[in-house]
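Heads up: the structure comes next, in structure tokens.
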Amino acid sequence: MKLETEKEVKLSLAVHGGAGTIRRALLSAEQEAAYRDGLQQGLRSGWEVLTGGGAALDAVEAAVCAMEDHPLFNAGRGSVFTHNEKHEMDAAIMSGKDLRAGAVAAVAGIKNPIKLARLVMEETPHVLLCGRGAEEFASESGIELAPPEYFFSQFRYDQLMEAQREDGVRLDHSPAQKFGTVGAVARDAEGHLAAATSTGGMTNKRFGRVGDTALIGTGTYADDKTCAISCTGHGEFFIRTVAAHEVSCLMKYKGLTLAEACEQVVGQTLYELGGEGGLIAVDRAGNFTLPFNSEGMYRAWITSGQEEQIAIYRD
């Protein structure tokens with residue numbers, strides 16, 4: 001028998017698979033179905049954790065892992081090629097309960113970079129490890145590795161060749177020009193929040209470029225007092241505006257709601273600078289919003305008592 005003061009638990013989970021110029025005319029029915037399936041896999045993997053009594057931190061890791069394993073998303077297995085025909089991946093995870101965070105940048109050969117980010121958070125005194133040092137830590141910790149052929153796809157390689165012919169970088173790929181990142185945010189039964197983000201970066205990127213994903217406060221942030229955020233977009237703009245943390249600050253210091261804070265950052269601050277993209281966010285009450293200023297964003301969400309929702313386009 002429930003006590004009169006006991007409240008219903010509100011679980012919430014949202015995932016994204018990138019934002020950008022994503023129009024119906026650019027995706028075939030088969031491509032759209034494949035993306036929806038990938039989003040559903042990520043959402044259900046995280047939701048199974050939450051409904052089983054698991055922590056938000058475990059849920060976002062599970063959701064992102066499922067999407068890293070999917071070849072269509074620019075993270076993990078589906079990561080794009082760098083200028084020198086390699087893969088350099090970034091990932092970050094953060095616990096809203098205690099503000100612990102872990103991240104990795106420019107890592108290669110790691111099957112699931114988000115798992116390595118979690119280990120950085122839990123097994124080291126650091127927040128961010130990069131390059132060879134992060135890879136050495138992964139080997140010492142028993143993180144599952146994968147050979148170069150695991151990350152290879154002709155589709156991605158053709159993108160690199162095209163970008164090199166054009167002498168430029170690409171944020172992700174055709175047929176929909178997309179900012180390739182995957183991410184998840186969650187609220188668990190204890191009211192704790194968490195966020196996780198993973199990416200393969202930009203096609204044809206050079207000079208060890210690192211985007212916003214691995215930088216806590218820019219592409220990934222979580223604080224039980226305010227919200228959990230995972231961003232996707234043109235990373236340089238998210239870095240310059242410290243976008244994820246800015247949302248939290250607007251809530252904490254100006255008293256804005258989650259929706260108001262996200263709209264100000266995505267619809268005003270980023271937009272006015274020319275920064276295209278979006279984010280997914282959940283607040284301490286389990287409310288969520290998924291704003292973007294691009295033409296589309298691969299996204300899915302679910303909350304207690306509601307059916308799962310999957311969307312790609314603006315309408």
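The values are calculated or read from the model by the stated rules, or taken from the named source; none is laboratory data. Since we're looking at a predicted model, the values are computed, not measured. Backbone-built Cβ (ideal geometry, glycine too); neighbour counts: all protein chains shown.
Here's a check for you: in region 213-256, which residue that is part of a loop (DSSP other than H, G, I, E, B) and of a type in the set (D, E, K, R) is farthest from the chain's Cα centre (by Cα)?
Step one: list which residues in region 213-256 are part of a loop (DSSP other than H, G, I, E, B), which gives 213-215, 217-219, 223-226, 234, 242, 255-256.
Subset that is of a type in the set (D, E, K, R): 223-225.
Details: 223: 16, 224: 18, 225: 21 Å.
Here the answer is 225.
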### Query
Only one of these conditions is not met by residue 229: (1) touching a residue at least 60 places away in the same chain (Cβ under 8 Å); (2) crowded, with 24+ Cβ neighbours inside 10 Å; (3) not charged (D, E, K, R). Which number is it?
(1)
## Note on the structure
Expected single match for closer than 14 Å to residue 89 by Cα and crowded, with 23+ Cβ neighbours inside 10 Å among 145, 129 is 129
### Query
Which one of the conditions (1) closer than 20 Å to residue 101 by Cβ; (2) surrounded by 22 or more Cβ atoms within 10 Å (Cβ to Cβ); (3) not hydroxyl-bearing (Ser, Thr, Tyr) does residue 242 fail to meet, given that it meets all the rest?
(2)
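Being of a type in the set (Val, Ile, Thr), under 27 Å from residue 110 (Cα atoms) and modelled with pLDDT under 95 is the requirement here; does residue 182 meet it?
Numbers: of a type in the set (Val, Ile, Thr): yes; under 27 Å from residue 110 (Cα atoms): yes; modelled with pLDDT under 95: no.
Considered against the rule, which asks whether it is of a type in the set (Val, Ile, Thr), under 27 Å from residue 110 (Cα atoms) and modelled with pLDDT under 95, residue 182 comes out as no.
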### Summary
Of the residues in region 76-127 that are among the hydrophobic types (A, V, I, L, M, F, W, C) and in a loop (DSSP other than H, G, I, E, B), the one that is nearest to residue 285 (Cα to Cα) is 99
